[in-house]
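Just so you know, all these numbers are worked out from the coordinates, no wet-lab data involved. Everything numeric here is computed off the predicted structure, so don't read it as measured data. Positions of Cβ are backbone-derived with ideal geometry, glycine not excepted, and every protein chain shown enters the neighbour counts.
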Amino acid sequence: MITGIKGTRRIRRASAVALTSGALFAAGAFTAAPAQAVTTPSIIAKGGYVMNNATGTTLYTKAADTKRSTGSTTKIMTAKVVLAQSNLNLDAKVTIKKEYSDYVVRNNASQAHLIVGDKVTVRQLLYGLMLPSGCDAAYALADKYGSGATMADRVKSFIGKMNTAAKNLNLKNTHFDSFDGIGNGSNYSTPRDLTKIASSAMKNSTFRTVVKTKSYTAKTITKTGSTRTMNPWTNTNGLLSSYSGTIGVKTGSGPEAGYCLVFAATRNGKTVIGTVLSSTSIPNRESDAKKLMNYGFAKLG
C-alpha cells in the first residue's frame, strides 16, 4: 500500500515536471532570443573586433580600442588612398626604381619581386600590394601618388594622405608613419579602427576584386619593350581557401605587431568584418578570425 502511494506520488511529480517543462518550452519559443544561446569565443590574439558590415553594429570586442602595431594591415589604407585619387587611371604605368628594390632588401620585407626598369600598371601594383604584401609595390604607389619634387617628399605627402583619410573616418586611435607598416615608432591602429578602414575600403569595387583574389599573374613591360610574365602572386590570406564566404581582407605580421588579420565574409546575404591584432602564429590568427566570424554570423541569426 505504501509502495502504491509512493508510485502515485512519483507519477504526479513526473506529470507536474512535464507540464512545467512544457510551459517553459512553449514560453521559450516566444521569448528566447537566438543571440542568448551564442557563446562568446575566446581568442589568442591580444585584440579583436567584429561588426555587421551593413550597419556598423558591434558584434564582438576584445581590447578593441587599444593601440597596437599593425604590420602590413597598414596596406589597406595604402590601397584606399590610391583608389580615392581623382581621375585615377588603373592602367597608368609606373617604372620600377632601384630604390624600391633596395628598400625591401634592406628591411628584409615582404615583396612582389618587382624588377627594376619594368613598367607596371597601377592595377598590377595593387595586386602586388595586397596579395603577396609587396612593400616594393607599396613604395611605388606612395612615390606615384604623393606630391613633391623628391621621392622623400612624395612619400611624406602620401603618408599625410593616409592620416587625412583616417581623420575623415573619425578614427581617434590610428596614426601612420609608413606606407607599408614598416613603421618608425608611430604606426599604429586598433581592431575597431582597422575594421572601419577596411569596411570603407570595401565600398570600392576594385579593392573588393583585388582582396578576394587568391592568385594573380602580372604581365609587365621590360626596359626593351618586351612582355615579362611574372611569377604568380599568391594571396597571404589563407581564409580565402579555408572559410566559406570569405571576401578579404589583409594579413599582417612583424616582430612588434605579432600576427594580424583583417577579415570579412558574406553568408546568406549578411557580411561580417573584423580584425585580430597580435596573435601568436599564422594558424592562430586564422583560427581566431574563424571563431569571430562564426560568432558574428550566429549573432546576426
message: Taking 31 Å as the cut-off for C-alpha to C-alpha distance, list the pairs among K219/K250; K62/K270; K119/K167; K62/K156; K98/K161 that go past it.
response: K119/K167; K62/K156
- prompt: What is region 59-139 by shape, rounded, prolate or oblate, if you read a ≥ b ≥ c off the alpha carbon gyration tensor as root eigenvalues and call it rounded for a/c under 1.5, prolate for a/b larger than b/c, and oblate otherwise?
  reply: oblate
message: If N is the number of residues in the chain, what value comes out of its Cα radius of gyration divided by 2.2 N^0.38 Å?
response: 1.31
- request: Measure nothing but the geometry: give the 0 to 90° angle between the long axis through the Cα atoms of 282-300 and the longest principal axis through the Cα atoms of the chain, rounded to 10°.
  value: 50
Residue among S101, S133, S242 with the largest mean-square fluctuation in a Gaussian network model of the chain, springs linking Cα atoms under 10 Å: S242
task: Rounded to the nearest 500, what is the 222 nm mean residue ellipticity of the chain from helices alone, with -39500 (n - 2.57) per DSSP H run of 4+ residues and division by all residues?
output: -13500 deg cm²/dmol
query: Once the Cα atoms of helix 191-201 and of the chain are each reduced to a long axis, what angle between those two axes, in degrees from 0 to 90 to the nearest 10, is obtained?
result: 60
task: Rank K119, K144, K203 by mean-square fluctuation in a GNM of the chain with C-alpha springs under 10 angstrom and give only the top-ranked residue.
output: K203
- prompt: By its C-alpha gyration tensor, with a ≥ b ≥ c as the square roots of the eigenvalues, how is region 213-301 shaped: rounded for a/c under 1.5, else prolate for a/b larger than b/c, else oblate?
  reply: oblate
Net charge, V50 excluded, C-beta distance under 11 Å - Lys, Arg +1, Asp, Glu -1: +3
Residues T58 and K219, FRET efficiency given R0 of 35 Å [Cβ-Cβ distance, rounded to 0.05]: 0.20
- request: Let me know the shape class of region 114-258, please: from the alpha-carbon gyration tensor, a ≥ b ≥ c as square roots of the eigenvalues, rounded when a/c is under 1.5, otherwise prolate if a/b is greater than b/c, or oblate.
  value: oblate
statement: Of S186, S86, S279, the most mobile residue in a GNM of the chain (C-alpha springs, cutoff 10 Å) is S86
- request: Would you please give the FRET efficiency between A149 and K270, computed as 1/(1 + (r/R0)^6) with r the Cβ-Cβ distance and R0 = 45 Å, to the nearest 0.05?
  value: 0.40
query: Angle between the Cα long axis of helix 98-107 and the longest principal axis of the chain, 0 to 90 degrees, nearest 10?
result: 50
